[in-house]
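Each remark here refers to the structure printed beneath this line.
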Amino acid sequence: MIKAIYPGSFDPITYGHLDIIERGLGVFDHVVVAVAHNIEKRGLFNLEERKALIQEAVRDHSRVTVDSFEGLLVDYVERVGGNVIIRGLRATSDFEYEFHMASINRHLNERFDTFFMMTAKDYFFVSSRTIKEVAMLGGSVKGLVPENVERALKIKFKTLVD
Ligand code: PNS
């Protein structure tokens, strides 16, 4: 059984992420969506909110679990018995960062390889950062994020403004 770990900030999860999860299921037996807990990087959604949003978005997939981790990714992968790391690549601009990350992870623990999947063409321009900006400025993010995320963004920005 091949357990793939899909790590990220997921602040919040987008359809681009969901596409990678679903395609990952076509290749690997189990996908663990692992939300990184980064104390230095305060997000819009807290860790529990991010996990709950992902959980709801993947509720129809029995071979997906949602978890979070602190510290080094490779230590987490080892701890949960993961075999591979998966990441999505949107464009060449992602490549350098991803190449460095995969290389340092291989240096830290050469048992784990990173598998990259090209983001679907429909979500090439989608990132959590731009989604937050568009939503904050009142633009529509329909069709780019799951509906529960769309609702959560509306509530979050209304709460922040009020
Ligand atoms: O969605 P992101 O922000 O691009 O995800 C980056 C993430 C969380 C996968 C990466 O920062 C990470 O693995 N953090 C855990 C700490 C770690 O292992 N660092 C060494 C590799 S850069």
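Quick notes on this one:
- Test: residue in region 124-133 that is within 10 Å of the ligand (Cβ to nearest atom), without any contact (Cβ under 8 Å) to a residue 12 or more places away in the chain and basic (Lys, Arg): yes
- Candidates in region 82-118 are the residues that are within 9 Å of the ligand (Cβ to nearest atom) and among the β-branched types (Val, Ile, Thr); of these, the one that is most open to solvent (accessible area, probe 1.4 Å) is Ile104.
- Test: residue in region 75-88 that is in contact with a helix residue (DSSP H, G or I) (Cβ under 6 Å, 6 or more places away or on another chain), touching a residue at least 24 places away in the same chain (Cβ under 8 Å), within 28 Å of Arg151 (Cα to Cα) and part of a loop (DSSP other than H, G, I, E, B): no
- Taken over region 17-38, the criterion of being within 11 Å of the ligand (Cβ to nearest atom) and open to solvent by 10 Å² or more (accessible area, probe 1.4 Å) is satisfied by His17, Ala36, His37, Asn38.
- The single condition among (1) under 13 Å from the mean Cα position of the chain (by Cα); (2) loosely packed, with under 14 Cβ neighbours inside 10 Å that Leu53 does not satisfy is (2).
- For Ser62, the conditions (1) in a helix (DSSP H, G or I); (2) of a type in the set (Ser, Thr, Tyr); (3) modelled with pLDDT of 95 or more all hold with the exception of (1).
- Boolean, Asp67 is within 13 Å of the ligand (Cβ to nearest atom), modelled with pLDDT under 95 and closer than 22 Å to Val31 by Cβ: no
- From Phe157, Phe124, Phe112, Phe99, residue being on the phi < 0 side of the Ramachandran plot, in contact with a strand residue (DSSP E or B) (Cβ under 7 Å, 6 or more places away or on another chain) and of a type in the set (A, V, I, L, M, F, W, C): Phe112
The values are calculated or read from the model by the stated rules, or taken from the named source; none is laboratory data. Not measured: the values here are computed from a predicted model. For neighbour counting, all protein chains shown are included, and Cβ atoms are generated from backbone atoms with ideal geometry for every residue, glycine included. Quick note on the areas: whole protein, heavy atoms, side chains included, nothing else; ligands and nucleic acids left out. Shrake-Rupley method; radii C 1.70, N 1.55, O 1.52, S 1.80 Å.
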